[in-house]
1. Can S236 be described as modelled with pLDDT under 85, within 22 Å of the chain's Cα centre (by Cα) and of a type in the set (S, T, N, Q)?
2. For A130, which of the numbered conditions (1) open to solvent by 60 Å² or more (accessible area, probe 1.4 Å); (2) free of Cβ contacts under 8 Å to residues at least 60 places away in the same chain; (3) within 23 Å of I220 (Cβ to Cβ) fails to hold?
3. Just one of M248, M252 is closer than 24 Å to F304 by Cβ, modelled with pLDDT of 55 or more and either open to solvent by 40 Å² or more (accessible area, probe 1.4 Å) or touching a strand residue (DSSP E or B) at 6+ places or on another chain (Cβ under 6 Å) (or both); which is it?
4. When region 63-85 is examined, which residues are found to be open to solvent by 50 Å² or more (accessible area, probe 1.4 Å) and in a helix (DSSP H, G or I)?
5. So L101 passes all but one of these: (1) in a helix (DSSP H, G or I); (2) in contact (Cβ under 8 Å) with a residue 40 or more places away in the chain; (3) open to solvent by less than 90 Å² (accessible area, probe 1.4 Å). Which condition number does it fail?
6. Is at least one residue of region 107-118 more than 21 Å from the chain's Cα centre (by Cα), open to solvent by 70 Å² or more (accessible area, probe 1.4 Å) and at pLDDT below 85?
7. Modelled with pLDDT under 90, within 29 Å of V178 (Cα to Cα), out of contact with any Phe, Trp or Tyr (no Cβ under 9 Å at 6 or more places or on another chain) and not in a helix (DSSP H, G or I): which single residue out of A88, A60, A130 fits that description?
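The values are calculated or read from the model by the stated rules, or taken from the named source; none is laboratory data. Quick caveat: nothing in here was measured; it's all calculated off a predicted structure. In this analysis, Cβ positions are derived from the backbone assuming ideal geometry, glycine residues included, and neighbour counts consider all displayed protein chains. Remember, those area values only see protein heavy atoms, side chains included, never the ligands or the DNA or RNA. Shrake-Rupley method; radii C 1.70, N 1.55, O 1.52, S 1.80 Å.
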Amino acid sequence: MASAAPDVPRDRTSALRDAPGKTGNIVFAGISTGAGLVILAVLAAVAGFLLIRSWPALVAETDQYAEIDFMRGHDLLGYIAPLIFGTALSSVLALLIAVPLSIGIALFISHYAPRRAAQGLGYLIDLLAAIPSVIYGMWGYAWLMPFLEPFFQWLSATLGFIPLFAGYTRPATNILTVGIVLAVMILPIITATIREVFLQTPRLHEEASLALGSTRWEMIRQAVFPFGRSGIISASMLGLGRALGETMAVLMILSPGYLINFYLLQPGQHQSIAANIANQFPEASGLSADVLMATGLALFIITFGVNLLARWVIARRAEFSGAN
């Protein structure tokens, strides 16, 4: 009589327990699980810390804010709203500039450039990530703003009827300069991620497209872009997270006399949340420190929401692609 077939492990845990080198597998699985739990614990601890520290500001009476100089008589919502607007606007502008450039550079490196040129350009792009943000801030304030001042003066004079381009007291010192600087800062991380995704496009997909008579650009549209769509979204969200939290470069550019009237918001000095915290926190105490903590909580919620939205979009696209 034939011997009975060995029992097949019914789940992954039993498979790890019965596999060769089971001790190493169990240890590695425990370390990986522990690392994931540590990340969740740290995230929860940060959220709890911000909520606890900002709670006095969230429940404070309106007249208590009058004692805080940098709030200029606004309530908490009126103080945070321009900061959120400035943070979102500068980050979105940076993303609009950086993502198309990153896709083009990644395509050139992965599908057009000779091997030696691709390696050199890849190293050069990666080196941009090693430059401290203070250097970017100095470059933006000392060189980029004077260089772009004639353009911004023309922009204010020509398109001043649009609220975004109206109300500059210093045309060279504005949110568009910050957007350009942030675009340069997030360019390396977006380019590196998209480049690796493009390089992982299945070779058979590319060859099949070319075999059907497609040009190289048509092959990229038919094979590379569909395969790398989720990677492009992930890379963009990584860059957006970097732009939302950038501090020193934004502070160095916006601090010297930045004044812009957005019309929809009350006129005054408007910075990004991170730059405003860095600028005001050294002299803050009591309720003023709690207010700054509340702005940090708002930034935390925005960043967390952006990443959740990105994961949802990627999951939906993966589900749609699998269904097809």
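1. no
2. Unmet for A130, out of (1) open to solvent by 60 Å² or more (accessible area, probe 1.4 Å); (2) free of Cβ contacts under 8 Å to residues at least 60 places away in the same chain; (3) within 23 Å of I220 (Cβ to Cβ): (3).
3. M248
4. D63, Q64, A66, E67, D69, L77, I84, F85
5. (3)
6. Looking through region 107-118, at least one residue is more than 21 Å from the chain's Cα centre (by Cα), open to solvent by 70 Å² or more (accessible area, probe 1.4 Å) and at pLDDT below 85.
7. Working: A88 fails: not in a helix (DSSP H, G or I); A60 fails: within 29 Å of V178 (Cα to Cα).
Exactly one of A88, A60, A130 is modelled with pLDDT under 90, within 29 Å of V178 (Cα to Cα), out of contact with any Phe, Trp or Tyr (no Cβ under 9 Å at 6 or more places or on another chain) and not in a helix (DSSP H, G or I), namely A130.
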